[in-house]
Amino acid sequence: MIQNTHNQIENKIRKSSKGKIYFAEDFQKFGSAENIRQILRRLEEQGKLQRLAHGIYLVPKVDKLLGVIYPSIEEIAKEIAKRDKARIAPTGIMAMYLLGLSTQIPLHAVYLTDGAQREIKIGKSIIKFKKTAPRNLAVKDDLLQLIIQAYKITGEKNISDDFEEKLTVYIKKLDEKVLLSQLKYAPVWIQKRIKNIYQS
């Protein structure tokens, strides 16, 4: 039985693309939780899988010079959200980094979520999912959500000309329909600043 489960899991991994992220529960149809745990540990020892965190595994993609290419914190967070059928939005330093307003790669990333509140350690990094009100996730457009979060972390009283000059490039890329339907969910002071830049 264990050997059969091992073959089924190994075949699934072999057929998947390098760099794919798997969760232990992705294999639950093949056997009991204990059997699966043992098999995943064995595949990890054989180098066919890499354990990123408890119950989270990577099919390693290896570069001759760089070694194993690991997914970004953002990619891992999105996969966790997809598994949990939850919405997430990056906040703080992660939002600034994704917009190119900060060159510092965040080691600790905080995401707003309508799913479970939790903290996951990935190597030296930590992904924190912070439970929030549905209104804070009502903005479905990724770019607009990042812009709003960048304004929030900076704060109304700390907005500099340099900051808004950098943001202007992204604000001008926003779709007018998105602004009409989703900007209303942002704080009023952010709505005004985005509208002024968009219409200038």
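None of the figures in this text is laboratory data; all of them are computed from the coordinates on show. Note that the structure is predicted; figures quoted are calculated from it, not measured. As a convention, Cβ positions derive from the backbone with ideal geometry for all residues, glycine included, and neighbour counts pool all protein chains shown.
Worth a mention:
- Filtered residues of region 79-116 (kept if assigned to a helix (DSSP H, G or I) and in contact (Cβ under 8 Å) with a residue 60 or more places away in the chain): ARG83, GLY92, ILE93
- Positions within region 122-132 being in a strand (DSSP E or B) and among the basic types (Lys, Arg), in sequence order: LYS128, LYS130, LYS131
- There is no residue in region 29-50 that is closer than 30 Å to LEU137 by Cα, in contact with a helix residue (DSSP H, G or I) (Cβ under 8 Å, 6 or more places away or on another chain) and β-branched (Val, Ile, Thr).
- Residue within region 58-65 that is under 29 Å from LYS184 (Cα atoms) and in contact (Cβ under 8 Å) with a residue 24 or more places away in the chain present: no
- One residue stands out in region 6-33 among those that are under 26 Å from the mean Cα position of the chain (by Cα) and outside any helix (DSSP H, G or I): the one that is surrounded by the most Cβ atoms within 10 Å (Cβ to Cβ), namely TYR22.
- One residue from GLU165, GLU119 being out of contact with any Asp or Glu (no Cβ under 8 Å at 6 or more places or on another chain), without any contact (Cβ under 8 Å) to a residue 24 or more places away in the chain, closer than 19 Å to PRO71 by Cβ and not in a loop (DSSP other than H, G, I, E, B): GLU119
- Scan of region 50-72 for residues that are over 20 Å from ASP26 (Cα atoms) and among the aliphatic types (A, V, I, L, M), ordered by number: VAL62, LEU65, LEU66, VAL68, ILE69
- Any hit, region 57-75, residues being part of a loop (DSSP other than H, G, I, E, B), surrounded by fewer than 16 Cβ atoms within 10 Å (Cβ to Cβ) and on the phi > 0 side of the Ramachandran plot: no
- Of the criteria (1) over 15 Å from the mean Cα position of the chain (by Cα); (2) within 27 Å of LYS166 (Cα to Cα), which one LEU107 fails: (1)
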